[in-house]
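The values are calculated or read from the model by the stated rules, or taken from the named source; none is laboratory data. Values in this document were obtained by computation on a predicted structure and should not be read as measured data. Here the Cβ positions follow ideal geometry from the backbone for every residue, glycine too, while neighbour counts run over all protein chains shown. The protein model used for the area step is the full one, side chains on, heavy atoms only, and it has no ligands, DNA or RNA in it. Shrake-Rupley method; radii C 1.70, N 1.55, O 1.52, S 1.80 Å.
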Amino acid sequence: MVLHGIFWDNIGMTEEQVFEHLFETATRSKDPRGIVSACLVKDGKIIVSAPSSDNGVRHAEDIVLEIAQKENIQISDRIVLYSTLVPCTKRTNPESKDCTSLIIESEITSIIYGASDPDHNDISKQRFTEAGVNIRQVANPLIIKRCAEIFNDSVAEDHIGVDVKLKPIE
């Protein structure tokens, strides 16, 4: 079965170009808990992008959605959220809402991610599917590997095993 639509056929930028942009965006963060970057793409053009915060508190998806809200960007089915890591389903700080919940609440309907996260992958996919959100991993194994390396290489020694586990490269 071949699926069509903005989620599956990116008009304009290719997935490789979007992820190259995310790799460049990731260089702006010093997140000690693992760098992630995310962006919103509308009609094949990046309209918002951001890396995770330098203090490790704010996740990239959270920041991108906040910027979109501040800039009055209307979320529609023409917008795809790209992330270098599958969105989280829980946060270390109970005061912070997880990215899966934030994305569902924002009414994003399509997500393409790079690396899997064994702590969040299955639950995230289940919650998105139940909410009617299309989610899939990018097919290019080199992109997947680079996304995992960006995350793994940025985890500070004092966070390993405390609140972040190094993730296997899939």
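Laid out as a table, the results:
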{"quantity": "Candidate set from region 59-73 (those that are closer than 30 Å to Ala156 by Cβ, charged (D, E, K, R) and touching a residue at least 12 places away in the same chain (Cβ under 8 Å)); member that is least open to solvent (accessible area, probe 1.4 Å)", "calculated": "Glu61"}
{"quantity": "Candidates Lys70, Lys97, Lys30, filtered to the one that is of a type outside the set (Val, Ile, Thr), at pLDDT 95 or above and over 11 Å from the mean Cα position of the chain (by Cα)", "calculated": "Lys70"}
{"quantity": "Subset of region 52-69 (residues that are in contact with a Cys (Cβ under 8 Å, 6 or more places away or on another chain) and within 16 Å of Lys90 (Cβ to Cβ))", "calculated": "His59, Glu61, Asp62"}
{"quantity": "Total residues in region 113-134, condition over 22 Å from Gly56 (Cα atoms) and open to solvent by less than 30 Å² (accessible area, probe 1.4 Å)", "calculated": "2"}
{"quantity": "Count of residues meeting criterion [within 16 Å of Ser52 (Cα to Cα), of a type in the set (Val, Ile, Thr), open to solvent by 40 Å² or more (accessible area, probe 1.4 Å) and without any contact (Cβ under 8 Å) to a residue 60 or more places away in the chain] in region 86-104", "calculated": "0"}
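Here's the yes/no breakdown for (1) among the charged types (D, E, K, R); (2) free of Cβ contacts under 8 Å to residues at least 40 places away in the same chain; (3) open to solvent by less than 50 Å² (accessible area, probe 1.4 Å); (4) not in a loop (DSSP other than H, G, I, E, B):
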| position | (1), (2), (3), (4) |
| --- | --- |
| Phe19 | no, no, yes, yes |
| Leu22 | no, no, yes, yes |
| Ser29 | no, no, yes, no |
| Cys39 | no, no, yes, yes |
| Ala50 | no, yes, yes, yes |
| Gly56 | no, no, yes, no |
